[in-house]
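The values are calculated or read from the model by the stated rules, or taken from the named source; none is laboratory data. Since the structure is predicted, the reported quantities are computational estimates derived from the model, not experimental observations. So basically every Cβ, Gly included, is an ideal-geometry build from the backbone, and we count neighbours across all protein chains shown. For the accessible areas, the whole protein counts, side chains as well, though only heavy atoms, and no ligand, DNA or RNA atoms are used. Shrake-Rupley method; radii C 1.70, N 1.55, O 1.52, S 1.80 Å.
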Amino acid sequence: MSTRTDAPTRREQILKEAARLFAERGFHGVGVDEIGAAVGISGPGLYRHFPGKEAMLAELLVGISERLLSGGRLRVEEAAEDPGALLASLIDGHIDFALDDRPLITLHDRELDRLRESDRKLVRQLQRQYVELWVTAVRELHPDVPETEARTAVHAVFGLLNSTPHLGSQADGLPTRARTETLLRRLAHGAFASLTP
C-alpha cells in the first residue's frame, strides 16, 4: 500500500535495527551501543535521535499501531462500497504487516508491558479502533453474524496472521514470501467464510 521509494532516514534505520535486536534478544538484552553499531554510529550518537531505549520501544509499538489503523482507514475509504473488496483489502494489508514487520509482532507480545502506562493505553486504544474497522467490514459482508461472533473471528484471524514470527525463514525450508502470502490469504478468507453456515 505504501508508495514510498526514498531511502529510510537515520531515525527509521535505528528503529528497524532496534526492533530486530529487541525481538532477537529481548529489550533488556540489548544495549544502546549495539543498536548504534548496527546502524554505524556510536551508542551515545543515538541520543541525538532518541532519549533512550524506552523511547525507541514506545515509538515502535505506538507507531505500528498508528500505521495499521491509518492504513485500515484508508482501505475503508477506498473500498467502502464493496464489503468483499474491503475485507480482502484489510486482509492483504495485515498480511503485508505480518510478513514484513515480524519483529514488531514479537515485540508487542513480549515487551508491551515495558511501555509507560500512557503509551500502553494509547497502543490499546489504537488497536481497539483497528479491530472495529474489521468487525464492521465482517458484519457488512455477513450481516446475520452477531457482533460478538464477528469480533471473535477477527481476533482469531489476527492470531493466525500474527503467527508469522514462529514460521522460521526460507533458509529453514519454508515457502517463498509469495507462497506464504497466498496461503495466509486463503486461510484468512476461509476463516471468515466459515461464519456463514
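Once phi is turned into θ = phi - 60°, what whole-Hz ³J(HN,Hα) does the Karplus curve with 6.51, -1.76 and 1.60 give for every residue of the range 158-166, x standing for Gly and Pro?
So the J values, rounded to whole Hz, are 4, x, 4, 5, 7, 7, 4, x, 8.
Under the 0.36 nm per residue contour assumption, what length would be gained going from the current alpha-carbon distance of Ser42 and Arg186 to full extension?
Length gained between Ser42 and Arg186: 47.3 nm.
Given a 1.4 Å probe and every protein chain left where it sits, what share in percent of the accessible area of the range 74-197 is carbon and sulfur?
Ligands and nucleic acids excluded, carbon and sulfur give 53 percent.
Does anyone have the angle between helix 117-141 and the longest principal axis of the chain? Alpha-carbon axes, 0 to 90°, nearest 10?
Its long axis makes an angle of about 20 degrees.
Where does helix 10-25 land angle-wise versus the long Cα axis of the chain, in degrees 0 to 90, nearest 10?
For helix 10-25, the angle is close to 80 degrees.
Only Lys, Arg, Asp and Glu count, each charged at its Cβ (+1, +1, -1, -1), so figure out the dipole size of the range 1-120 about its Cα centre, rounded to 20 debye. Let's see the in-between values first.
Values: 16 positive and 22 negative charges, 97 e Å.
Using only the charged Cβ atoms, the result is roughly 460 debye.
Rank Arg20, Arg151, Arg186 by mean-square fluctuation in a GNM of the chain with C-alpha springs under 10 angstrom and give only the top-ranked residue.
Looking only at Arg20, Arg151, Arg186, the biggest GNM fluctuation is shown by Arg186.
Select one label from (i) 201; (ii) 120; (iii) 132: the one whose number is volume of the Cα convex hull per residue in Å³ as derived from the coordinates shown.
(iii)
Taking only Cα atoms, what is the 0 to 90° angle, nearest 10, from helix 177-193's long axis to the longest principal axis of the chain?
40 degrees
Students often get this wrong: which residues of the range 46-78 have the backbone nitrogen under 13 Å from the point 7 angstrom along Cα-to-C-beta of Gln13?
46
Kindly list the residues of the range 107-131 that lie in the label zone of Thr152, defined by a backbone N under 19 Å from the point 7 Å along the Cα-to-C-beta vector.
131
With the other protein chains left in place, how much accessible area per residue, in square angstrom, belongs to the range 25-158 at a 1.4 angstrom probe?
Result: 50 Å² per residue.
Apply the Karplus parameterisation 6.51 cos²θ - 1.76 cosθ + 1.60, with θ equal to phi minus 60°, to every residue of the range 90-101 and state each ³J(HN,Hα) to the nearest whole Hz, in sequence, with x for glycine and proline.
Rounded to whole hertz, the list is 4, 4, 4, x, 6, 5, 4, 4, 5, 8, 8, 10.
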